[in-house]
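Coordinate-derived values only; no laboratory data. Because the structure is a prediction, the values reported are computed rather than measured. All Cβ positions, glycine included, derive from the backbone under ideal geometry; neighbour counts span all protein chains shown.
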Ligand SMILES: [Zn+2]
C-alpha cells in the first residue's frame, strides 16, 4: 500500500513502477502532458479517449477533504475568522493545484492497472 502510494505520488508507471508517466520538466502551459506509452513496459497511458475523466472525482475528494480540514482547523482550533481561513484555503489551493491535478490522474490509473513485479527493473 505504501509502495503503491509512493509510486502514484511520483507519477511512476502503475504496471512496472520504473518509468515516468508525465513529461518532465513541467511545462506550465501543458501540465498534463503525458507520454503515450511507458518507456519501460510499453503500457498505454491513455487506453481510451476521456480515460482520465474519473480522475476528476479523485481530485474532488482530495481537495474537499484537504480544504475542509484546513478550514475547520483554522476556524475551530486556532480561532481564526472564517474570511481569513478562506484566504488561506485559496492560497493553499493555488500552490498545490498542479500537484493535485497530476497526482489524481496518477492515483486513478494506479487504481485500474495492477502492478506486475515481473515487469519491474
Ligand atoms: Zn511501465
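Tabulated data
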| quantity | calculated |
| --- | --- |
| Any hit, segment 49-56, residues being within 17 Å of residue 112 (Cβ to Cβ), assigned to a loop (DSSP other than H, G, I, E, B) and out of contact with any strand residue (DSSP E or B) (no Cβ under 7 Å at 6 or more places or on another chain) | yes |
| Residue 45, sole failed condition from (1) touching a residue at least 40 places away in the same chain (Cβ under 8 Å); (2) out of contact with any strand residue (DSSP E or B) (no Cβ under 7 Å at 6 or more places or on another chain) | (2) |
| Residue match in segment 71-83 (condition: within 16 Å of the ligand (Cβ to nearest atom) and not in a helix (DSSP H, G or I)) | no |
| Criterion violated by residue 75 - all others in (1) touching a helix residue (DSSP H, G or I) at 6+ places or on another chain (Cβ under 6 Å); (2) within 20 Å of residue 57 (Cβ to Cβ); (3) without any contact (Cβ under 8 Å) to a residue 12 or more places away in the chain satisfied | (2) |
